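This report refers to the structure that appears directly beneath it.
The values are calculated or read from the model by the stated rules, or taken from the named source; none is laboratory data. These numbers were taken from a predicted model, which means no experiment stands behind them. Note that each Cβ is placed from the backbone with ideal geometry, even for glycine, and that neighbours are counted across all protein chains shown. Calculation scope for accessible area: heavy atoms of the full protein, side chains included, ligands and nucleic acids excluded. Shrake-Rupley method; radii C 1.70, N 1.55, O 1.52, S 1.80 Å.
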Amino acid sequence: MGTGAAGCRFCGIVAGEVPSHRVLDDGTAVAFLDTRPLFPGHVLVVPRRHVETLTDLPEADVGPFFGRVRRIAGAVERSMGAAGSFVAANNRVSQSVPHFHVHVVPRNRKDGLRGFFWPRTTYADEEQAAEVAARIRAALEA
């Protein structure tokens, strides 16, 4: 895979062709302010190389990339006086730009963000939970 994809907004940011408020730029990742933040200090961290999803990120790049995410999370919390942070990524579904990116959002208690926005559920019984766990284990071995 190349370093960029034609028409990818985040590749344009990485290349310096699309304006952004960068907070980190190195050989592994670029981090910049989200243009539609949940709260001031909401940062997106993208791998410099164009990959669409986490599963497309080469294994050798995962540790260095998430090292950057970790650094950004700490910097966002400190700089924004936040009690914590929300760190999340979508893979395909709800992924607004098809270039893997991690959101780092400063959080404080009673900030109005209501956790996850999807309904939580339970397994029908232990048998269903065991079956789902077995399917995932099998996929890991494949």
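Here are some notes:
- Residue match in the range 59-74 (condition: touching a strand residue (DSSP E or B) at 6+ places or on another chain (Cβ under 6 Å) and closer than 24 Å to residue 140 by Cα): yes
- Residue 99 in a loop (DSSP other than H, G, I, E, B), within 12 Å of the chain's Cα centre (by Cα) and buried (at least 18 other Cβ atoms within 10 Å of the Cβ): yes
- Only one entry of 105, 43 meets the criterion of being within 24 Å of residue 5 (Cα to Cα), open to solvent by less than 90 Å² (accessible area, probe 1.4 Å) and modelled with pLDDT under 95, and that entry is 43.
- Contacts under 9 angstrom Cβ, first residue in the range 2-18 being under 12 Å from residue 98 (Cα atoms) and modelled with pLDDT of 95 or more, partner open to solvent by 20 Å² or more (accessible area, probe 1.4 Å) and of a type in the set (D, E, K, R), 6 or more apart: 11/17
- Number of positions in the range 108-135 that are modelled with pLDDT under 85 and surrounded by 10 or more Cβ atoms within 10 Å (Cβ to Cβ): 7
- Qualifying position, being in contact with an Asp or Glu (Cβ under 8 Å, 6 or more places away or on another chain), more than 30 Å from residue 114 (Cα to Cα) and touching a residue at least 24 places away in the same chain (Cβ under 8 Å), among 49, 68: 49
- Output for the range 1-37, where each listed residue is open to solvent by 80 Å² or more (accessible area, probe 1.4 Å), hydroxyl-bearing (Ser, Thr, Tyr) and closer than 25 Å to residue 60 by Cβ: 3
- In the range 12-92, counting only strands (runs of 3 or more DSSP E) that sit wholly within it, the ones holding 2 or more residues that are under 14 Å from the mean Cα position of the chain (by Cα) span 29-33, 43-47, 84-88.
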